Amino acid sequence: MLVLDDVTVRYGDRPAVDGISLDVADHEVVSVLGPSGSGKSTLLRAVAGLQPVAGGRVLLGGRDLAGVPAHRRGVGLMFQDQQLFPHRDVGGNVSFGLRMHGAPRAAARERVAELLALVGLPGAERRSVGALSGGEQQRVALARALAPSPQLLMLDEPLGQLDRSLRERLVVELRQLFGRLGTTVLAVTHDQGEAFALADRVVVMRDGHVAQSGTPVEVWERPADEFVARFLGFANVVRATVRGAEAETPWGRVGVAASGAPGAGASGERSLLIRPAGVRVGPAGSGLECTVEGRTFRGEQVLLALRPERGPSLEASVALRGAPQAGDRVGVGFEASEVVVLGE
Ligand code: ADP
């Protein structure tokens, strides 16, 4: 449905998007994720026609979009900097695009009612947008973007302004809504929780390039390289000497997962990730001696910061019940299934 073929976007001489190729299938929800400045918004703006493309092609439903102005592209936008119209009521905001496309008044009214019901604000047509909560405003913005039935819906940090609990609830609702409508979505976010919860596929960007593209499970379980692993918040990443199913690390010898990982089957000097769930914590006197330096509450789990007798500090995720206290001495072993050889 959407094809980006070797797309480059520059500001002056500097490429913000540097030769990116990316396909989004019909009905697919793709989240573009990456640190601030990696080129996510620029990519979205280029697809929307708000930013000229310096090289490559953007095709939507087989049509080359070169020279097609933004309002003729058949894409719906929900961007952070596109506020609701404060002087129009909710209905006036949602019907704006419909009226622009020449929809008759009665048909527009019906469609607005349908969309407001869809986003959980039935009958809100006459409410003033100034009297809405942040979450309600986001819903109205979403209804407005969906109103002209765009081929592609593009969201830029759609829930960025909202507080955490509301965001977590809305992201679940959005996913259900897109599934029900069969909407094709390209969303941009710097929040990995949001990206992983929303998307069928996650694209991680770094400096204008795609660092990894895969299902949320693939990316989470097998980050492509050290950059992606660290961006996802994994701290136990070290250089190691890998030989077959074993690796020599600063923490001693560990077994490595046999297959599936980007660097699987590799040997030699590699980056190695040990997921915190793969750091087994037992009584002192067995395995690698560590001191517990800190504990972070994570609901049912506790994240332990460990100072090992040798090598850099380690993070371990353990059950809340029976978790050791700061200052305790513990013995640590490693679960091979949670040890991943990363790509270079
Ligand atoms: P992200 O959305 O991932 O935060 P952006 O696409 O906004 O990244 O920015 C990518 C790069 O392009 C950054 O280095 C940013 O400073 C630069 N950039 C973005 N917008 C402009 C602009 N209007 N003029 C010049 N440089 C820009």
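Bear in mind these aren't lab numbers, they're just calculated from the coordinates by the rules spelled out. The structure displayed is predicted, hence computed values, not measured ones. As a convention, Cβ positions derive from the backbone with ideal geometry for all residues, glycine included, and neighbour counts pool all protein chains shown.
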Using alpha-carbon coordinates, inclination of helix 164-181 to the longest axis of the chain, degrees: 60 degrees
Hz values of 3J(HN,Hα) by residue in segment 123-128 - Karplus curve (6.51, -1.76, 1.60), Gly and Pro given as x: x, 8, 3, 8, 6, 7
Amide H contacts under 5 Å for ARG295, placed H, 5+ residues apart: ALA305
For segment 119-171 versus segment 269-344, the gap between their alpha-carbon centres in whole angstrom: 41 Å
Helix axis angle, 90-100 relative to the chain longest principal axis, alpha carbon, degrees: 70 degrees
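Determine the relative contact order of the chain: mean sequence separation of Cα pairs under 8 Å and six or more apart, normalised by residue count, in whole percent.
Numbers: 746 pairs, mean separation 55.4, N = 344.
This gives 16 percent for the chain.
Quick check on the chain: helices-only [θ] at 222 nm, where DSSP H runs of length 4 and up contribute -39,500 (n - 2.57) each and the sum goes over total residues. Nearest 500, please.
Working: 8 runs with 84 residues, N = 344.
It lands at -7500 deg cm²/dmol.
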Phi to ³J(HN,Hα) by Karplus 6.51 cos²θ - 1.76 cosθ + 1.60 over segment 19-25, Hz, x for Gly, Pro: x, 8, 10, 7, 10, 10, 7
Crossing angle, helix 134-146 versus the chain [Cα axis fit, 0-90 degrees, rounded to tens]: 60 degrees
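From the mean inverse distance of alpha carbon pairs (Kirkwood) and the Cα radius of gyration, derive Rg over Rh for segment 96-143. Intermediate values should be presented prior to the final figure.
Details: Rg = 10.9 Å, Rh = 11.2 Å.
Result: Rg/Rh = 0.97.
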Over segment 30-103, equivalent-ellipsoid semi-axes from the Cα gyration tensor in Å: 26, 18, 10
Translational diffusion of segment 186-335, µm² s⁻¹ [Kirkwood Rh, Cα pairs; Stokes-Einstein; 20 °C; 1.002 mPa s]: 129 µm²/s
Amide H within-cut-off set for GLN301, under 5 Å, with H built and near neighbours excluded: LEU320
Principal axis dimensions, segment 142-194 - Cα atoms, whole angstrom, descending: 29, 18, 18
Estimated vicinal HN-Hα couplings, Hz - segment 69-80 in sequence order (Karplus 6.51, -1.76, 1.60; Gly, Pro = x): x, 3, 6, 9, 8, x, 10, x, 10, 10, 10, 4
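Can you run the Rg to Rh ratio on segment 58-170? Use alpha carbon positions and the Kirkwood inverse-distance Rh.
On the way: Rg = 14.5 Å, Rh = 14.8 Å.
Using Cα coordinates only, the ratio equals 0.98.
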log10 of Debye I(q)/I(0), alpha-carbon scatterers only, for segment 89-231 at 0.13, 0.21 Å⁻¹: -0.63, -1.27
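Do any trypsin sites (Lys or Arg not before Pro) in segment 268-344 lie in a DSSP loop with no more than 16 other beta carbon atoms within 10 Å, and if so, which?
Of the trypsin sites (Lys or Arg not before Pro), the ones in loops of segment 268-344 whose Cβ has at most 16 other Cβ atoms within 10 Å are ARG310, ARG321.
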Cα coordinate range in the chain, projected on the principal axes (Å, largest first): 77, 45, 34
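Stick to Cα atoms and the Kirkwood definition of Rh, then tell me Rg/Rh for segment 1-130. Before the final figure, lay out the partial values.
Working: Rg = 17.5 Å, Rh = 16.9 Å.
In segment 1-130, Rg relative to Rh is 1.04.
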